[in-house]
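One structure is given here, and the rest of the page talks about it.
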Amino acid sequence: MAFPKNFLWGGATAANQCEGAYLTDGKGLSTADVMTAGDAKTPRRITDGVVAGENYPSHTAIDHYGHFKEDIALFGEMGFKTYRMSINWSRIFPNGDDVEPNEAGLAHYDAVFDECHKHGIEPLVTLSHYETPLGLQKYGSWTSREVIEFFLNYCRTVFTRYKGKVKYWLTFNEINCMSMMPWMAGGVQVDADEQTRMTAAYHQFLASARAVQLAHEIDPENKVGMMYGGMFSYPNSCDPADVQANEEFMRTNLFYPDVMCRGYYPAYKLKEFERRGIVLPEQPGDKDTLRAGTVDFLSYSYYFTMVCGKNSGQAAIDCGSVNTGYTNPYVEQTPWGWSIDPYGLRYSLNLFYDRYQIPLMIVENGLGTYDTVEADGSIHDDYRIDYLREHIKAMKDAVELDGVDLMGYTPWGCIDIVSAGTGEMKKRYGFIYVDVDDEGNGTFDRSRKDSFYWYKKVIASNGEDLD
């Protein structure tokens with residue numbers, strides 16, 4: 001078999017996109033709670049607090065908070081070995097800087113983890129997934145070094161509370177999105193300049209490194225990974241100028257795993273900072289902290305590849321898509337303009353394994369698109385099965401032919417959830433359909449798509465039966 005016997009098959013969600021219950025049991029507001037819905041043409045907006053009459057998808061989402069037992073039972077029916085989820089920081093520390101944690105929030109995740117283990121599912125927990133306590137805005141959020149200590153207090157609390165229940169952790173979701181979507185990545189204003197963004201990223205690097213060390217101290221069984229937002233691109237042509245431009249584009253994101261996997265800033269990034277006059281807020285001992293806190297494994301999302309060239313300029317985020325000014329004529333695209341490129345997954349796995357030589361995990365991958373519910377309630381999503389089949393084949397080739405050390409695979413939105421990029425429900429990824437529309441209306445009933453039964457068979461065969 002290509003995949004090891006202990007391969008972690010599963011699925012992935014994020015608290016702000018699935019839980020709902022945004023003020024239940026003492027939870028405080030997070031940055032996600034003031035983001036309105038959007039769509040493929042209209043970007044999401046950030047409001048000054050919660051404004052009456054606006055549609056905030058995180059407030060209701062799919063009410064995973066009230067349905068987690070049912071949802072996890074369905075994951076268990078599929079045979080999940082792991083469930084990648086996130087703890088909502090503002091459920092534990094409602095304002096971010098609270099002295100004492102919120103017991104109701106801690107108890108909720110106790111129940112979630114107990115339910116996972118009841119079904120033989122190992123939790124994989126992201127500590128900060130696109131939701132920073134809104135109360136930390138008074139410090140400037142991650143632009144302030146003080147926030148590191150608040151984050152570590154949160155980490156210490158959950159590492160201690162869930163010792164023996166959780167052993168796989170991720171620090172920051174898609175940490176490189178600080179360069180592109182700073183509000184989502186860490187509550188930094190969207191119009192922040194590069195100095196501000198790089199200051200916030202530096203503080204997250206330090207926080208992650210210290211969290212890794214803390215996790216190992218509290219429980220030597222803990223494994224802590226980083227999570228990279230998959231930004232992979234090809235040069236537009238063999239014109240050397242296109243090749244060089246593509247290399248420079250890749251570096252704007254790759255320095256994040258360089259720091260977290262190697263423990264220091266790469267020379268190319270330091271030279272860029274020098275040219276641009278960007279100064280890191282370094283203090284004595286920081287270099288030692290980064291080196292001592294390298295991650296145990298690298299996880300990342302893989303949805304698409306891009307094309308870059310000498311006329312790219314700075315890639316722009318537009319309604320959940322990345323626009324480089326180029327398109328790839330050799331691959332299909334989703335209705336949201338994301339390329340479908342399974343070959344690129346094998347390319348990315350080799351790029352990272354060659355670069356860092358540590359275990360890898362694909363923690364997001366999938367096809368976000370429209371689903372149709374038939375008159376009899378069935379959902380025939382062969383297009384999703386086809387997408388996932390080809391990507392699993394690419395993973396198999398990377399493991400079997402290239403020798404990549406791959407820990408697991410958790411397709412994104414294993415149950416339909418709110419899209420982070422657009423705030424929509426109709427952009428669906430799941431094996432499980434949830435009857436909720438873009439306005440949060442519906443029965444919230446769960447039902448199995450055709451892909452549910454297909455993925456169950458894939459897991460049972462350890463990736464061998466893909467028909």
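The values are calculated or read from the model by the stated rules, or taken from the named source; none is laboratory data. The model shown is predicted, which means the values in this text are computed figures rather than measured ones. Counting neighbours? That spans all protein chains shown, and the Cβs are built from the backbone with ideal geometry, glycine included.
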**Asked** Give me the pairs: first residue in the range 66-89 and part of a loop (DSSP other than H, G, I, E, B), second residue of a type in the set (Gly, Ala, Ser) and surrounded by 19 or more Cβ atoms within 10 Å (Cβ to Cβ), beta-carbon distance under 7 Å, and six or more apart or on different chains, which are they?
**Response** Phe80/Gly10; Phe80/Gly11; Lys81/Gly10; Ile87/Ala15; Asn88/Ala15; Asn88/Ser30
**Asked** Given (1) surrounded by 20 or more Cβ atoms within 10 Å (Cβ to Cβ); (2) part of a loop (DSSP other than H, G, I, E, B); (3) more than 18 Å from the chain's Cα centre (by Cα), where does Ala40 come up short, assuming only one miss?
**Response** (1)
**Fill in**
Arg275 passes all but one of the listed conditions (1) over 19 Å from the mean Cα position of the chain (by Cα); (2) of a type outside the set (S, T, N, Q); (3) surrounded by 20 or more Cβ atoms within 10 Å (Cβ to Cβ); the exception is number (3)
**Complete set of residues in the range 45-71 that are crowded, with 22+ Cβ neighbours inside 10 Å and not hydroxyl-bearing (Ser, Thr, Tyr)** = Pro57, Ala61, Ile62, His64, Asp71
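Rundown of residues vs (1) surrounded by fewer than 19 Cβ atoms within 10 Å (Cβ to Cβ); (2) touching a helix residue (DSSP H, G or I) at 6+ places or on another chain (Cβ under 8 Å); (3) under 30 Å from Trp169 (Cα atoms); (4) at pLDDT 95 or above, yes/no style:
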residue: Ile317; (1), (2), (3), (4): yes, no, yes, no
residue: Thr324; (1), (2), (3), (4): no, yes, no, no
residue: Met361; (1), (2), (3), (4): no, no, yes, yes
residue: Asn365; (1), (2), (3), (4): no, yes, yes, yes
residue: Gly368; (1), (2), (3), (4): no, no, yes, yes
residue: Ala375; (1), (2), (3), (4): yes, no, no, yes
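Every residue, every condition in (1) surrounded by fewer than 22 Cβ atoms within 10 Å (Cβ to Cβ); (2) closer than 29 Å to Thr160 by Cα; (3) of a type outside the set (S, T, N, Q), yes or no:
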| residue | (1), (2), (3) |
| --- | --- |
| Phe172 | no, yes, yes |
| Met181 | yes, no, yes |
| Ala185 | no, yes, yes |
| Val190 | yes, no, yes |
| Asp193 | yes, no, yes |
| Arg197 | yes, no, yes |
| Ala201 | no, yes, yes |
| His216 | yes, yes, yes |
**Asked** Out of the residues in the range 326-359 that are over 21 Å from Asp258 (Cβ atoms) and touching a Leu at 6+ places or on another chain (Cβ under 8 Å), which is modelled with the highest pLDDT?
**Response** Ile340
**Message:** Can you report the number of residues in the range 414-439 which are of a type in the set (A, V, I, L, M) and part of a loop (DSSP other than H, G, I, E, B)?
**Reply:** 5
**Complete:** Picking from Val458, Val434, the residue that is within 21 Å of Ala37 (Cβ to Cβ), buried (at least 19 other Cβ atoms within 10 Å of the Cβ), in contact (Cβ under 8 Å) with a residue 24 or more places away in the chain and more than 20 Å from the chain's Cα centre (by Cα) would be Val434
**Prompt:** On the given criteria, is Leu270 touching a residue at least 24 places away in the same chain (Cβ under 8 Å) and part of a helix (DSSP H, G or I)?
**Reply:** no
**Prompt:** Among (1) farther than 13 Å from Phe304 by Cα; (2) in contact with a strand residue (DSSP E or B) (Cβ under 8 Å, 6 or more places away or on another chain), where does Asp354 come up short?
**Reply:** (2)
